[in-house]
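**Student:** This is the structure I want to talk about, given as structure tokens.
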Amino acid sequence: MDNIGQIDKAELYIVELPLVTPFKTSYGVIKSRESLLLKLTSNGHSGWSECASFRDPWYHYETIDTSLHIAVKYLIPVLLKANNIKADLITDLFAGIKGHNMSKAMVENAVLDLYARKTGKPLYEILGGEKKKIRSGISFGISEDINNLLEQINEAVKKKYHRIKVKIKKGFDVNVISDIRSAFPYINLIVDANGCYNEDDTETLRMLDNFDLKMIEQPFGTDDFLGHSRLQEQINTPICLDESISGLHSAVSAVNFKSCKVICVKQGRLGGLLKSIELKDYCMENGLRVWCGGMLETGIGRAFNLHLQTIDGFESPGDTSETSRYFIEDIVTEPVVLDNDGNINIPDNDGFGFEVDQEKIDEFMVFRKIMKR
Ligand code: OSB
Ligand code: MG
């Protein structure tokens with residue numbers, strides 16, 4: 001990728017957007033999405049991105065505060081000092097800083113958006129993807145009211161979502177999935193445990209084999225490659241790893257341990273779009289399927305997920321749903337909508353393809369910091 005010169009200014013924002021419905025997982029419930037955003041400016045052009053981290057470390061160790069800290073103290077100062085910046089070499093700039101993939105991904109993505117806008121191309125073209133529609137899936141949080149959950153699934157089926165994901169936890173699993181399967185015998189259904197089980201629960205997880213689930217996402221803890229491998233031997237339902245996969249090395253472990261058959265790719269957790277594509281290539285060469293996950297992002301982060309899904313290998317429907325499923329009001333000017341076939345059209349405007357609504361940013365903003373070269 002061509003040299004984009006230097007970055008003149010970095011603006012960090014934290015916004016807080018109320019969710020349409022609270023999102024409950026085996027870890028806890030979130031009622032609003034707080035998000036860390038980054039805007040970079042270079043020679044009259046700008047690029048935006050959104051950090052995947054949440055307020056609290058329930059899904060992943062990084063939080064909004066740690067991502068902000070790492071960005072302000074380490075990543076942005078390195079970026080603002082650099083000359084002759086190349087979007088595909090951002091990882092090298094940060095090579096000395098361990099971990100904190102979500103913070104690093106935020107910086108790299110803003111540079112990629114800036115580069116795409118500067119060269120007048122849509123982001124997917126920069127990434128090597130092609131203009132297409134992607135198949136949309138939807139992820140439902142835990143709902144103690146099963147009739148309410150069935151009603152929500154019914155609405156999603158009517159909207160032609162291509163895949164339905166339901167969060168499960170101990171005591172809210174076999175019974176609930178059995179009810180869902182009776183009501184919807186043919187839907188493309190998966191479950192996500194967010195790591196709440198352990199090997200003592202193997203009997204319960206074996207029972208889930210009876211419901212034609214396309215996969216079970218992250219049944220055991222983040223580091224438990226061996227446990228997942230033992231479980232995969234005993235169940236037919238493919239295991240999909242989400243939290244466990246922090247980069248190429250964990251994918252190599254998953255392949256060699258036979259811990260899973262599928263990986264949920266989240267560009268934030270993996271340190272950016274370019275690393276995600278690299279990991280996807282490795283998975284395809286080694287017989288694992290991938291799909292693109294979601295982190296309840298605002299319109300900025302969601303746009304990056306859309307562009308990633310134009311790349312070969314991301315054909316399975318993922319967790320990118322339409323805007324109205326998450327927020328009443330968003331911080332980009334155009335909402336993401338489903339067409340009549342449950343697909344989302346990838347915008348072909350420059351960069352990630354949506355315009356940031358500065359007025360909405362100001363309305364939802366709870367923090368702002370400006371750093372200059
Ligand atoms: O485990 O995939 C997950 C949301 C927040 C944190 C973790 C997860 C999720 C989802 C929803 O499942 C994905 C989305 O619709 O953005
Ligand atoms: Mg998950």
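**Student:** Does segment 254-296 hold any residues that are among the small types (Gly, Ala, Ser) and out of contact with any His (no Cβ under 9 Å at 6 or more places or on another chain), and which are they? Write out each step before concluding.
**Tutor:** We begin by selecting, within segment 254-296, every residue among the small types (Gly, Ala, Ser); these are 254, 259, 268, 271-272, 276, 287, 293-294.
Selection gives Gly272, Ser276, Gly287, Gly293, Gly294.
**Student:** Taking segment 313-358 only, how many residues are part of a loop (DSSP other than H, G, I, E, B) and in contact (Cβ under 8 Å) with a residue 40 or more places away in the chain?
**Tutor:** The number of residues fulfilling the criteria is 28.
**Student:** Right, something else. May I ask you to list the residues in segment 289-306 that are more than 21 Å from Asn194 (Cα to Cα) and part of a loop (DSSP other than H, G, I, E, B)?
**Tutor:** Thr298
**Student:** A further question follows. Considering only residues that are open to solvent by less than 50 Å² (accessible area, probe 1.4 Å) and of a type in the set (Ser, Thr, Tyr), look in segment 180-208 and name the one that is nearest to Ile142 (Cα to Cα).
**Tutor:** Tyr197
Yes/no per residue for (1) away from ligand 2 (no atom under 16 Å from the Cβ); (2) farther than 27 Å from Ala303 by Cα; (3) not aliphatic (A, V, I, L, M):
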site: Leu79; (1), (2), (3): yes, no, no
site: Ile138; (1), (2), (3): no, no, no
site: Asn147; (1), (2), (3): yes, yes, yes
site: Ala156; (1), (2), (3): yes, no, no
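**Student:** Sort through Phe257, Phe211, Phe220 and tell me the only one that's of a type in the set (Phe, Trp, Tyr), farther than 27 Å from Pro335 by Cα, open to solvent by less than 10 Å² (accessible area, probe 1.4 Å) and not assigned by TED's automatic domain parsing to the domain that holds Ala87.
**Tutor:** Being of a type in the set (Phe, Trp, Tyr), farther than 27 Å from Pro335 by Cα, open to solvent by less than 10 Å² (accessible area, probe 1.4 Å) and not assigned by TED's automatic domain parsing to the domain that holds Ala87 holds for just one of Phe257, Phe211, Phe220, which is Phe220.
**Student:** Follow-up. Just to be sure before I move on: is Gly294 in contact with a helix residue (DSSP H, G or I) (Cβ under 9 Å, 6 or more places away or on another chain), of a type outside the set (Ser, Thr, Tyr) and more than 16 Å from ligand 2 (Cβ to nearest atom) in the structure I sent?
**Tutor:** No; evaluated as a whole, the condition is false for this residue.
**Student:** Let me ask another. Quick check: anything in segment 98-112 open to solvent by 20 Å² or more (accessible area, probe 1.4 Å), in the same structural domain as Thr41 (by TED's automatic domain parsing), away from ligand 1 (no atom under 16 Å from the Cβ) and at negative phi?
**Tutor:** Within segment 98-112 (the criterion being open to solvent by 20 Å² or more (accessible area, probe 1.4 Å), in the same structural domain as Thr41 (by TED's automatic domain parsing), away from ligand 1 (no atom under 16 Å from the Cβ) and at negative phi), the answer is yes, since at least one residue qualifies.
**Student:** Being within 29 Å of Gly128 (Cβ to Cβ), exposed (fewer than 14 other Cβ atoms within 10 Å of the Cβ) and among the hydrophobic types (A, V, I, L, M, F, W, C) is the filter here; which residues of segment 314-373 pass it?
**Tutor:** Val337
**Student:** Filter segment 161-187 for residues that are over 16 Å from Leu149 (Cα atoms) and touching a residue at least 24 places away in the same chain (Cβ under 8 Å) and give the result.
**Tutor:** Across segment 161-187, the qualifying residues are His162, Lys170.
**Student:** Quick check on Phe140: is it over 24 Å from the mean Cα position of the chain (by Cα) and aromatic (Phe, Trp, Tyr)?
**Tutor:** no
**Student:** Next question. Any residue in segment 48-69 that's assigned to a helix (DSSP H, G or I): show its pairings with residues that are surrounded by fewer than 20 Cβ atoms within 10 Å (Cβ to Cβ) at Cβ separation under 6 Å, as long as the two are six or more apart or on different chains.
**Tutor:** From residues that are assigned to a helix (DSSP H, G or I), the pairs are Ile64/Glu34; Ile64/Arg55.
**Student:** Filter segment 237-275 down to residues that are away from ligand 2 (no atom under 15 Å from the Cβ) and under 28 Å from Val111 (Cα atoms), then give me how many there are.
**Tutor:** Matching residues across segment 237-275 total 9.
The values are calculated or read from the model by the stated rules, or taken from the named source; none is laboratory data. In this text the structure is predicted, and so the values were computed from the model without any measurement. Glycine also receives a Cβ, built like all others from the backbone with ideal geometry; neighbour counts cover every protein chain displayed. Accessible surface is based on the protein model in full, side chains and every heavy atom, while ligands, DNA and RNA are left aside. Shrake-Rupley method; radii C 1.70, N 1.55, O 1.52, S 1.80 Å.
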